[in-house]
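Only one structure is covered here, and it is reproduced in the block below.
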Amino acid sequence: MRVLVYGAGVIGSYLTHVLTRSNNDVTLLARGQRADDLERDGLVIRHYFQLKTTVDRVQLIRTLKTDDEYDLVFVVMTYTDFPAVLPVLAKNRSQNIVIIGNNTDAHDMDHYLREHSDPPKNVAFGFQTTAGTRKNNRIICIRGGGGQMVLGGLHGPIPFEPLLNQAFAKTKYKLVYHENIDAWLKNHIVPIVVLNVATVIHEHQMKKIAGDDKLLRQMIAAMDEGFRVLEALNYPLTPAAQASLIRNRPMLMRLLLKVYHRLPFSQLVNGSVSEIVALSRVLRRWKEQTPIRTPNWDDLERKFHAKLN
């Protein structure tokens, strides 16, 4: 099966590794120095928990041409990069697209591709539950098991689900299909933004976050405020266990945050500051549409922007 992975960061690199090892015909789109490194050294991944390093020789392209055609295209970008990629996807002949990453605008993206694509596109959205960082020419990948992607369509089941299952059939990678992926992605943004805001506030000193009990309490309260905003906008809380833990077990949640921020690998979970700024702006817009008071979120946001300035 011909597969394109559009984006060679942590998520795209691991996805490429998995799909390559499953005997797919995989092409990776990369640019600049990253493309140069891949051409010279191959796709080098240090699997943090598995204590191993893999090297894959992959086919590379630097631009997606109109006539390039793939059975599946996985678009793995930061939230702020998606707008520049959509016109390229719309012009391309490939029909089955999975857009992966932090995303608050799934319906707008889907609408754009449906309005501007020829031939028409089948679009799904997802999030890969791996993390890590890029160091020199290698990816340090943090994951459990073989990796996992939560994904779904906006108009019922994904039309190309059999192709997805076939692409990952020979792997330990799990595909988890969700009936309301838009709500899942919006719920996911709440803790992601809070965690990254706290990281900036304490200047990436993770043990300092673990020892700041006042900040940890404020983080949990801010997450709850974020979920209340989503409820006020009529989005279901999903996964329900996530919101339940934060709301009903704050002491346990605080303990989990303390432990996480003391573990060495937490230093390697790098978020894009520009992406967090953009997502925070979206959350602010959501809050302004509701009567929900968000004092803890507002205070964290002020401290976050103070550090950036």
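The values are calculated or read from the model by the stated rules, or taken from the named source; none is laboratory data. In this text, all values refer to a predicted model and were calculated from it rather than measured experimentally. Because the Cβ atoms are built from the backbone with ideal geometry, glycine has one as well, and the counts that use them run over all protein chains shown. What goes into the accessible areas is simple: the full protein's heavy atoms, side chains included, and nothing from ligands, DNA or RNA. Shrake-Rupley method; radii C 1.70, N 1.55, O 1.52, S 1.80 Å.
Among the conditions (1) more than 22 Å from THR130 (Cβ to Cβ); (2) open to solvent by 50 Å² or more (accessible area, probe 1.4 Å); (3) charged (D, E, K, R); (4) touching a residue at least 12 places away in the same chain (Cβ under 8 Å), ARG285 misses just one, which is (4).
It is to be established whether one or more residues within segment 69-79 are more than 20 Å from the chain's Cα centre (by Cα), of a type in the set (A, V, I, L, M) and buried (at least 17 other Cβ atoms within 10 Å of the Cβ). Reasoning before the result, please.
Within segment 69-79, the first condition is being more than 20 Å from the chain's Cα centre (by Cα), and the residues that meet it are 69-71.
After this cut, where a residue has to be of a type in the set (A, V, I, L, M) as well, the list is none.
No, segment 69-79 contains no residue that is more than 20 Å from the chain's Cα centre (by Cα), of a type in the set (A, V, I, L, M) and buried (at least 17 other Cβ atoms within 10 Å of the Cβ).
Here is the figure for segment 114-134: residues that are under 27 Å from LYS174 (Cα atoms) and either in contact (Cβ under 8 Å) with a residue 60 or more places away in the chain or open to solvent by less than 30 Å² (accessible area, probe 1.4 Å) (or both) total 12. Applying the criterion of at least 1 residues that are in contact with a strand residue (DSSP E or B) (Cβ under 6 Å, 6 or more places away or on another chain), at pLDDT below 95 and more than 30 Å from ARG31 (Cα to Cα) to the strands (runs of 3 or more DSSP E) found wholly in segment 137-252 leaves an empty list. Within the set ASP36, ASP25, the sole residue that is within 27 Å of GLY145 (Cα to Cα), free of Cβ contacts under 8 Å to residues at least 40 places away in the same chain and open to solvent by 40 Å² or more (accessible area, probe 1.4 Å) turns out to be ASP25. Of all residues in segment 250-272, none are touching a Ser or Thr at 6+ places or on another chain (Cβ under 8 Å), small (Gly, Ala, Ser) and open to solvent by less than 20 Å² (accessible area, probe 1.4 Å).
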